[in-house]
1. In nm, to one decimal, how far is the residue 325 label point from the residue 178 one, both placed 7 Å along Cα→Cβ?
2. Once the Cβ-Cβ distance between residue 127 and residue 75 is put in as r, and R0 is 25 Å, what FRET efficiency do you end up with, to the nearest 0.05?
3. Once you order the gyration tensor axes a ≥ b ≥ c over the Cα atoms, which shape class does the stretch 14-244 get: rounded for a/c under 1.5, otherwise prolate or oblate by comparing a/b with b/c?
4. Just want to confirm a number: the relative contact order over the chain, from Cα pairs under 8 angstrom separated by 6+ residues, in percent.
5. Roughly how many nanometres apart are two label points built 7 Å out from the Cα toward the Cβ at residue 150 and residue 255?
6. Using R₀ = 60 Å, calculate the FRET efficiency as 1/(1 + (r/R₀)^6) where r is the Cβ-Cβ separation of residue 377 and residue 31; round to 0.05.
7. Can you tell me the 0 to 90 degree angle between the C-alpha axis of helix 63-75 and the longest principal axis of the chain, rounded to 10?
8. Ratio of alpha-carbon Rg to the 2.2 N^0.38 Å globular estimate for the chain, to two decimals, please.
């Protein structure tokens, strides 16, 4: 009998209940033929007592076949026949009705089905197995909250599971490495040299640990069902979402025009402005003239006033300079800054307590009164959330932004958090972004993270694209 030793101290022990009978029933169900399915369905829709003649009359089967099936079901204690009267055991019928749902064309092994699986176990065992309070008002809701509430919580739970049987660990690995997170039971049985009983025992453990579930697909050609192992429906759908929104690298055959050749172009531009300001006066009363002065220094194209403004706002914001009568005056901190290498300058900028995203679309310089400046906490919180979006593309390859945004799952408010919610049915809700949210994410990725040397923006086939730099991978790789 298999047991599990887990870092999370789950105490799931199949011997705590009559698991052998459970496995025997599951083996029987997995082996049902089309005729047996047909007879079972008729029994499900009949009274607990009915004449055998009625079954004979309603079914398009040979009498010998019906008797053979009834004898088989009698051994399973689903029914017994006496004096041509069929008497059905109510509780056993409930068990078979529940598990026969797996064969229905629209079956989904979802949270409702999982709840049904757990109901087959004595309730006092659930509080012991899953280490939830005995005073819980709703045991299943407590299980959801502790193990399944968010993808992060559930993924961490899966990673912490530690099965003593290496075959179980390998089966889980095989399942989650398939393209569609679905694997044939027959393939697993052959690969790991399992008999049916051992396989059903493993599957029972995987179901009780919310890892995987058995499902069936009708094979019309052979008039039979094919059995598969899949994750539970809600997690399966989330994994398919991640698969389908995976941002593929732009092919090397396509021409990409980088915004700037150097990964740390922004902080180097700040240093150039500081060095120039140290040598000669720089005044802000005429921004167009100042921009013309800075454009060749920063090796920019023409019409770069907004970028020059962005640089000046930044050195004001992090107090590398101060303003005196519209003139940029270096502070003591600027000397320390100029002595750093580019990566340390970028790290300094990223960690600076006053640094935050400033939208550069305005026409005038917006700089803080440094003596009274406080961060916009809401903007800072949203910025940190938007930053996390690049974690799915830290491979460092170039990707199109419009493809990347399809898989972004950051949350700017509670309603956008990915949680297992009941919205008519259970599901991991994927955030919906309004256009303004998408625009904000684009500015954070292509402007803010460019400033920090974390990404390099570019253009490919007139579409915005970007790649995460080696410095960005250092910061965001987990």
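The numbers here are math on the coordinates, done by the rules we state, and not lab data. The structure displayed is predicted, hence computed values, not measured ones. Here the Cβ positions follow ideal geometry from the backbone for every residue, glycine too, while neighbour counts run over all protein chains shown.
1. The modelled label-to-label distance comes out at 7.8 nm.
2. 0.15
3. Taking the square roots of the gyration eigenvalues as a ≥ b ≥ c, the stretch 14-244 is prolate.
4. So the answer I get is 15 percent.
5. 4.5 nm
6. According to the calculation, E is roughly 0.45.
7. Tilt relative to the chain: about 70 degrees.
8. For the chain, the normalised Cα radius of gyration comes out at 1.40.
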